[in-house]
Amino acid sequence: MNVTCPCCGERGKVTFERSFDTTTTVIEIQKLTKTFRKFTAVDSLDLTIYKGEIYGLLGPNGSGKTTIIKMLTGLLQPTAGTTKLFGHTLPCKSIMNDVGYMPQDTAIYIDNTVHENLFFFGSIYGISKQRLEKREREMLQFVDLQNWRDSLVSTLSGGMKHRVSLACALIHEPKLVFLDEPTGGIDPELRATFWEYFGSMVKKGITVIITTHYMDEANRCSRVGLLRQGKLIADGRPSDLKNNTRTNSLEDTFLALAGRKKP
Amino acid sequence: MKLRRTLGFSRRALLQFRHDRRTFAFVLIMPLLMILIFGYTFGGDVKNIAVEIVNQDTGLPPGTSTLLPQGLFLAKNITKNFDRNTLSLHENTNIDDARQKVHDGKAWAAIIFPANFTQNFLTTLTTQPGTAHPKVEIYLDASNPTISAAVIKTISHTIQITLKELTTTLNKTQIEMPITIEQTYAYGGSDTRFIDYFAPGVISFAIMMVTTMITIILFVNERRNGTLQRLLVSPASESEIVAGYALAFAVIGVFQSIVVLVAAILLFNITIIGNIFLALVVILLLAFGHQGLGILLSAAAKNEMQAVQFIPLILFPSILLAGLFWPIESIPSYLQPLSYIIPLRYGIDAERSIMLRGWGIGEIWVDILVLILFALFTLSASVLLLKRKN
Ligand SMILES: Nc1ncnc2c1ncn2[C@@H]1O[C@H](COP(=O)(O)OP(=O)(O)OP(=O)(O)O)[C@@H](O)[C@H]1O
Ligand SMILES: [Mg+2]
């Protein structure tokens with residue numbers, strides 16, 4: 001099907017239903033750069049992410065993970081470089097129906113109830129009421145907040161708010177999900193549940209971009225990218241990275257890549 | 001623009017107010033409190049003004065005139081007709097003492113009828129006018145303009161009434177009174193009070209304050225909490241976001257205005273002679289324009305603290321320069337041009353014209369046009385602002 005995107009003007013095959021294989025490109029990043037005044041937060045990033053991947057962005061605080069995600073979601077205007085999502089050059093509103101985003105800060109309405117938040121974010125995506133009710137039940141079960149449906153978000157604990165935020169990012173069944181530290185402040189048991197769920201998502205062909213500081217989570221990613229001062233210093237499957245540097249754990253891999261010895 | 005999505009924004013904002021009872025109360029209580037405080041302090045008529053009255057009128061000796069009733073004491077008749085509610089009269093026989101009382105601040109005024117008051121009245125009636133006019137002396141403490149105006153108004157009003165009485169008792173001959181004051185009212189009437197003038201202004205002012213402040217705080221929070229980022233990463237367009245909030249404020253504005261109007265009618269029996277729907281249209285336009293202004297200002301505030309700093313910036317020009325309390329003509333002429341750039345001025349003017357004069361769109365179209373342009377400008381500017389990326 002040959003169409004012109006009404007939004008970004010991209011011509012050619014524009015179809016979201018692609019065959020289920022990891023060679024289908026979902027994100028294509030070229031020379032992506034962001035500078036704040038003189039400070040370069042992201043330095044000429046080239047990266048391609050395929051359908052059904054869980055791509056983990058790793059790196060110390062301030063290494064540019066959030067800045068990358070903000071550019072990939074069209075929130076930040078890159079200083080240089082381009083990003084294509086599903087073949088569309090950003091900025092492009094028409095693909096946003098298929099994108100889910102969980103910002104690093106909780107980003108939900110604290111003066112509304114959990115239910116109101118879920119329904120509000122769902123309604124933005126034009127989901128029918130019946131479907132929304134079903135999705136709400138699924139999401140509340142997933143983040144284990146069934147009993148908190150009608151509570152005001154301001155009365156929830158920090159981790160609970162975080163869980164509502166994750167549920168809001170997934171309520172519309174996006175095909176591409178950006179999760180900025182979804183497991184920060186989440187207890188170990190629920191963290192395991194989350195990763196099981198992420199696993200089931202990628203099995204359905206959903207692509208997940210995730211940032212984390214937990215090494216056990218990094219190990220569960222299909223690929224990880226290690227950032228240092230805005231530069232991608234390593235990119236590959238966790239096992240490959242470990243083999244290449246002849247280390248036993250990802251933690252040691254990163255220390256080795258950063259040129260530091262294990263203490 | 002998708003209607004369902006737009007309604008989603010309005011719904012969420014309104015639900016937030018339902019949970020946030022305090023803010024909701026503020027929306028209603030602020031204008032009611034203003035009406036109550038200003039209505040009762042400014043609005044009521046001045047009462048119990050202490051006034052000394054010295055009556056030296058010797059009246060008409062019997063047999064002097066066939067024209068006027070025998071033994072007429074005109075000053076006495078006038079004194080009898082004074083409104084004792086407004087003036088608290090104290091009869092005094094000594095002019096100097098009466099003046100001293102005013103001087104000492106024990107009375108606001110001394111009214112003195114000289115000895116030949118009735119006599120002079122008769123002379124003026126019978127001979128050519130211009131010789132000896134009947135004269136009332138008023139010694140006034142005019143340090144409070146409201147009170148002195150009330151004293152003067154009462155005196156002239158009472159003299160008029162007394163003269164009218166006199167004419168009706170003298171039905172045998174048609175005489176020409178030396179003074180006739182005839183008042184007819186284009187708008188309002190002798191019973192129009194400050195509150196009638198004030199209420200349309202308060203309604204406009206309240207909607208302006210509430211909409212601007214709440215919008216600034218809502219959008220500062222949207223930015224700070226990151227919810228706005230989420231909206232911008234959704235298929236929702238910036239205009240849907242702005243329209244969604246506009247709809248929510250329209251609901252709040254209409255609700256607020258109706259409650260305030262009903263309260264003002266019940267408590268103060270205010271006059272509304274114009275079209276109430278037109279009045280609500282003006283309210284909506286004010287709400288839309290100031291919502292846009294709020295979004296624009298929110299971009300200049302990093303947090304709620306900074307947002308609150310906008311209050312005096314908006315409050316004082318609106319209170320002082322938009323004609324809320326005083327007519328714009330009464331502010332210094334070099335400040336008057338400033339009032340033209342305050343949108344509230346047009347809202348207040350329109351509401352007054354509708355409610356007090358019963359004017360329609362034909363007379364207030366300039367106000368309406370300015371408000372429409374203001375709303376179009378701020379709303380489209382805020383859509384552009386939301387579209388701007390860092
Ligand atoms: N709006 C901004 N203005 C100026 N500098 C910024 C801005 N946003 C981010 N930065 C800088 O860019 C760098 C990268 O920030 P970023 O938030 O992407 O880090 P991060 O990898 O997400 O860190 P963390 O693990 O703490 O979340 C930081 O040094 C930060 O100070
Ligand atoms: Mg971050």
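Since every read-out is calculated from the coordinates, none of them should be taken as a lab result. Just so it is clear, the model here is predicted, and its values are computed rather than measured. Note that we place each Cβ from the backbone using ideal geometry, even for glycine, and neighbour counts take in every protein chain shown.
As a rough footprinting exposure proxy, the listed residues B:Phe277, A:Phe36 were ranked by other beta carbons within 10 Å of their own, and the order from fewest upward is B:Phe277, A:Phe36. Using alpha carbons only, what's the Rg to Rh ratio of region B:193-389 with Rh from Kirkwood? Checking Rg against Rh, the ratio lands at 0.99. Calculate how steeply helix B:361-387 sits against the longest principal axis of the alpha-carbon atoms of chain B, using the helix alpha-carbon long axis, and give the answer as 0 to 90 degrees to the nearest 10. Compared with the principal axis, the helix lies near 30 degrees. For the residues of A:81-88, the average number of beta carbons from a partner chain within 10 Å of their own beta carbon is 0. Taking the number of Cβ atoms within 10 Å of each Cβ as an exposure proxy, the fewest-first ranking of A:Arg246, B:Arg99 is A:Arg246, B:Arg99.
Close amide H partners of B:Ile49, meaning residues 5 or more places away or on another chain with modelled amide H under 5 Å apart, are B:Leu87, B:Ser88.
Using only alpha carbon positions, build the gyration tensor of region A:153-240, then give the equivalent ellipsoid semi-axes as the square roots of 5 times its eigenvalues, largest first, whole angstrom.
23, 16, 13
Geometric descriptor of chain A, per residue, is 145 Å³ (volume of the convex hull of the Cα atoms). When the alpha carbon coordinates of region B:226-290 are projected onto the principal axes, the ranges are 52, 20, 14 Å, largest first.
I'd like the orientation of helix B:276-298 relative to chain B: the angle between its Cα long axis and the longest Cα principal axis, in ° from 0 to 90, rounded to 10. Approximately 50 degrees, to the nearest ten. Take each residue in A:111-122, count the other chain C-beta atoms within 10 Å of its C-beta, and the mean is 4. Counting only residues at least eight positions apart within a chain, or on another chain, the aspartates and glutamates with an alpha carbon under 18 Å from that of A:Lys129 are A:Glu116, A:Glu138, A:Asp150, A:Glu173. If you run the Gaussian network model on chain B, springs between alpha carbon atoms under 10 Å, then out of B:Val366, B:Val254, B:Val242 the most flexible one is B:Val366. For chain B, the longest principal axis of the C-alpha atoms and the axis of helix B:145-169 are separated by about 50°. Taking amide H as placed 1.01 Å from N in the peptide plane, A:Thr89 has its amide H under 5 Å from the amide H of A:Glu10, each at least 5 places away in sequence or on another chain.
Please quote Rg/Rh for region B:15-166 to two decimal places, taking the Kirkwood radius as Rh and restricting both calculations to Cα atoms. Walk me through the numbers before you get to the answer.
On the way: Rg = 23.1 Å, Rh = 18.3 Å.
We get a ratio of 1.26 for region B:15-166.
Helices in chain A that qualify as membrane-span-like (whole DSSP H runs, Cα extent of at least 20 Å along the helix axis, mean Kyte-Doolittle hydropathy of -0.5 or higher) are A:188-203. Annotation: peptides B:161-170, B:354-363, ranked by per-residue average of other Cβ atoms within 10 Å with the highest first, follow the order B:354-363, B:161-170. Can you tell me what percent of all Cα-Cα pairs in region B:190-256 are more than 16 Å apart? Across region B:190-256, Cα pairs with separations above 16 Å total 60 percent.
Which of the peptides A:200-206, B:54-60, B:331-337 is most tightly packed, and how do the rest follow, going by the mean number of other Cβ atoms within 10 Å of each residue?
Details: A:200-206: 15.4, B:54-60: 19.0, B:331-337: 10.1.
Put in order of decreasing packing, that is B:54-60, A:200-206, B:331-337.
Please compute the alpha carbon radius of gyration of the protein assembly as shown, then divide it by the globular-protein estimate 2.2 N^0.38 Å. Two decimals is fine. The partial results should precede the final answer.
Details: Rg = 38.2 Å, N = 653, 2.2 N^0.38 = 25.8 Å.
Normalised by 2.2 N^0.38 Å, the Cα Rg of the protein assembly as shown equals 1.48.
Taking the Cα atoms of region A:115-156, the ratio Rg/Rh between the radius of gyration and the Kirkwood radius comes to 0.97. Shielding by partners for peptide A:96-103, expressed as the average number of C-beta atoms from other protein chains within 10 Å of each residue's C-beta, is 4. Here the Gaussian network model covers chain A, with springs between Cα atoms less than 10 Å apart; of A:Lys134, A:Lys38, A:Lys84, A:Lys38 fluctuates the most.
Distances between every pair of Cα atoms in chain B, grouped in 20 Å steps from 0 to the bin holding the largest one, split as 23, 39, 24, 12, 2, 0 percent.
Among beta bridges from DSSP that stay inside chain B, the antiparallel ones total about 25%.
For the protein assembly as shown, the mean residue ellipticity at 222 nm estimated from helices alone is -16000 deg cm²/dmol, where every DSSP H run of n ≥ 4 contributes -39500 (n - 2.57) and the total is divided by all residues, rounded to the nearest 500.
Neighbour counts of other C-beta atoms within 10 Å: give me A:Glu133, A:Glu189, B:Glu222 arranged from fewest to most. Starting with the residue having the fewest Cβ neighbours, the order is A:Glu189, A:Glu133, B:Glu222.
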